[in-house]
Structure formats: structure tokens, C-alpha cells
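Student: Just passing along the structure, written as C-alpha cells.
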Amino acid sequence: MKYDTMLCGLIRKNRLAEDIFDFTVEAGKLAEAACPGQFAHIYVPGKTLRRPISICEIDRDHKTLRFVFQVRGEGTRLLSQAEPGDRLDILAPLGRGFDLGGTGRKAVFVGGGIGVPPLLEAAKPFGENAAVLAGFRSGNAVILKEDFERAGNRVMIATDDGSSGHHGLVTDLLAGLACDVIFACGPTPMLKAVCRAAKERGVPCQVSLEQRMACGVGACLGCAVRLRRETGEEYYGHVCKDGPVFDAAQVVWED
């Protein structure tokens, strides 16, 4: 895993929803090394631990990284207060991202809530060969729909309250949708349902796990996850180092 630290200038900041912020930073060599599905650890002054934030977009031409994150605690609240011109201390790129393989395949991307942003950079190369299924609490929480559409992706929305798109679970949208490969990121119940659907169809599936992290590089062992080898033997890996993206067949889901 090749990563480094860098002071990155914040050049764009937007508020996409009530508690969701969109940052673009000048990232130099970090942008050159990053891959879809990886994440960064961002230092927040006054906090001991960095905050893990998924990489949403990578612009290697302009050497920028884009992060879309939700305020979930004091650390991300403080991070959301940064303004253009500020410099962020970023450790990146971290973890194992998506293995996109041939982008000529029919791909389905399934995201739930703040699990949607990590899918954007992965879906873009597939263009019209990708269907993006994005689930949110309500229409007010829908983010990045236009970004996926600009990449040529077909976007289908589901909301818990029915205020936008399909009224129900985002996994409902998988019904009758043909594909060669599935990529997913979101809450555990959603990922379990996606993996079950992929197994029933006999198509490969990669999932990005949301796990609490501390060090971000596999040293503290805090983000352990149960995995399965090809032999069937179970063992514990770590989301920050061995993931966050895993082949669905590797993951042992808790009952």
C-alpha cells in the first residue's frame, strides 16, 4: 500500500444536503496514486485520531481529490467548518479499492446514503454500461444524481419515505435488472441483501465495508472483520488495510 501525507489546499466547498459536505482539495501526488474505492485520513485540529473519508472523485489532470462526507460527530463537524484557502493535513490514498476489470461489462452500482459517494469514481468509466441504484432517507437527502448522469450512467433512486423515486429499499431496484458485475457500498443490511442477490444470480460482487477506523493503516487492529478464505477457513482481516473493498464471497456476515 503506497500512501503519504500532504498539506492539501481546500479549493471548493459545497453543502449538498443538511449534513453533507462536498470538498475538493489540491492533492498533487496523492491524486496521482489514488484509485476508486480508496479513502483518506484527514487530521482535525484538537482531535487525536484522523477522520476516515472515502474518495469520491479523482482528477489526475488537475491533481485534485473530491470528498463528500456526512457530519456524524464532533470531528466531522469541525472538519465541515473548513473554508476554501484552508490547508488540510491528509494521509492518502489508503486501503484497497475496487477492481473494475473490463468496463465494457454491464455493471450495477448499489449505494445507500453516504455509501453513494465512493461509487462515483468507480462508475464513471462504465458510462452507459452502468446502472446506479442509490438509496436515501428522503428526497432532501439525494446527492450526486447529476454527477453520475454526466458520466452517462443510468440512475435509479429509492427513498424510505417515497418522496423521490421508488418508495422502499434500494435493493428492490435490483429486481429484473440484468448485469455482469455488482459493486456496492452502504450499511450492512443493504450489503448483505446485495450479496445474496449477486450469489443467486451467479455474478461477481464487490462490497465496500463501512467500519469504524482508528489508525487507517492496519496497526491498531481496531477495524477487524470476519473473512473467509477460498478453502472455507475463517479469519479476521482489517477493513482499513485489507479493504475497504472486498470480494463478497470473502465476507462472513453476522446473523
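Quick note: the coordinates plus some simple rules give every number you see, no bench work behind them. Since this is a predicted model, take the numbers as computed values, not measurements. Ideal geometry is used to build each Cβ from the backbone, glycine not excepted, and the neighbour counts take in all protein chains shown.
Student: How do Thr103, Thr64, Thr48 rank when sorted from fewest to most other Cβ atoms within 10 Å of their own Cβ?
Tutor: The most exposed by this proxy come first: Thr48, Thr103, Thr64.
Student: Name the residue from Ala40, Leu169, Phe21 whose Cα lies farthest towards the positive end of the charge dipole of the chain, charges +1 on Cβ of Lys and Arg and -1 on Cβ of Asp and Glu.
Tutor: Highest projection toward the positive end goes to Ala40.
Student: Give the Cα extents of the stretch 110-151 along the principal axes, in whole Å, largest first.
Tutor: Dimensions of the stretch 110-151 along the principal axes of its Cα atoms: 27, 15, 13 Å.
Student: Next up: Go through the stretch 1-54 and name the trypsin sites (Lys or Arg not before Pro) that are in a DSSP coil and have 16 or fewer other Cβ atoms within 10 Å of their Cβ.
Tutor: Hits after loop and neighbour filter: Lys2, Lys47.
Student: Also, quick follow-up: Between beta-carbons, use under 14 Å as the cut-off and find the net charge around Phe148, counting Lys and Arg +1, Asp and Glu -1.
Tutor: In short, -1.
Student: Just to be sure I understand the model, the point goes 7 Å from the Cα along the line to the Cβ. What's the resulting His62 to Trp253 distance in nm?
Tutor: Computed distance between label sites His62 and Trp253 equals 3.9 nm.
Student: Taking only DSSP H segments of four or more residues, each worth -39500 (n - 2.57), what value at 222 nm results for the chain once the sum is divided by all its residues, to the nearest 500 deg cm²/dmol?
Tutor: Computed mean residue ellipticity for the chain: -4500 deg cm²/dmol.
Student: Turning to a different aspect of this structure: Which FRET efficiency value, to the nearest 0.05, do you get for Arg196 and Thr103 by plugging their Cβ-Cβ distance into 1/(1 + (r/R0)^6) with R0 = 22 Å?
Tutor: Working: r = 25 Å, r/R0 = 1.15.
The computed FRET efficiency comes out at 0.30.
Student: What is the projected area of the convex hull of the Cα atoms of the stretch 1-134, averaged over all directions, in nm²?
Tutor: Answer in nm², one decimal: 8.2.
Student: Between rounded, prolate and oblate, where does the stretch 1-67 land on the alpha carbon gyration tensor, with a ≥ b ≥ c its root eigenvalues, rounded for a/c under 1.5, else prolate if a/b exceeds b/c?
Tutor: Oblate, because a/c is 1.5 or more while a/b does not exceed b/c.
Student: If you don't mind, there's one more thing I want to ask. Quote the charge dipole size of the chain about the Cα centre in Debye, to the nearest 20; the model charges only the Cβ of Lys and Arg (+1) and of Asp and Glu (-1).
Tutor: Charge dipole of the chain: 260 debye, to the nearest 20.
Student: What is the dipole size for the stretch 11-160, taken about its Cα centre, with +1 at each Lys and Arg Cβ and -1 at each Asp and Glu Cβ, in debye to the nearest 20?
Tutor: 240
Student: For the stretch 185-242, what is the charge dipole size about the Cα centre, in debye to the nearest 20, if Lys and Arg each add +1 at the Cβ and Asp and Glu each add -1 at the Cβ?
Tutor: Numbers: 9 positive and 6 negative charges, 29 e Å.
Roughly 140 debye, rounded to the nearest 20.
Student: Quick one: go through the stretch 186-213 and flag any residue whose amide nitrogen is under 20 Å from the point 7 Å out along the Cα-to-Cβ line of Glu230.
Tutor: Correct set: 199, 202-207.
Student: Go through the cysteines of the chain and tell me which have no other cysteine Cβ under 4.7 Å away.
Tutor: When partners are defined as cysteine Cβ atoms under 4.7 Å apart, the chain leaves Cys8, Cys35, Cys56, Cys179, Cys185, Cys195, Cys205, Cys223, Cys240 without one.
Student: Do you know the relative contact order of the chain, to the nearest whole percent, from alpha carbon pairs under 8 angstrom that are 6+ apart?
Tutor: Computed over the chain, the figure is 17 percent.
Student: For the chain, take the alpha-carbon Rg, divide it by the Kirkwood Rh, and send me Rg/Rh.
Tutor: Values: Rg = 17.4 Å, Rh = 18.4 Å.
Expressed as Rg/Rh, it is 0.95.
Student: Please give me the summed charge of the neighbours of Ala130: other residues whose Cβ is under 10 Å from its Cβ, Lys and Arg +1, Asp and Glu -1.
Tutor: Working: positive: Arg105, Lys106, Lys124, Arg154; negative: Glu128.
Charge balance near Ala130 sits at +3.
Student: Check each of the trypsin sites (Lys or Arg not before Pro) in the stretch 72-161 and keep only those in coil by DSSP with at most 14 other C-beta atoms within 10 angstrom; list them in order.
Tutor: Within the stretch 72-161, the qualifying trypsin sites (Lys or Arg not before Pro) (loop, at most 14 other Cβ atoms within 10 Å) are Arg72, Arg137.
Student: Among the GluC sites (Glu not before Pro) in the stretch 11-93, which ones are in a DSSP loop with at most 11 other Cβ atoms within 10 Å of the Cβ? Mind listing them? Kindly include the intermediate steps, with their values, before the conclusion.
Tutor: Numbers: sites: Glu18, Glu26, Glu32, Glu57, Glu74; in loops: Glu18.
Sites meeting the loop and neighbour criteria: Glu18.
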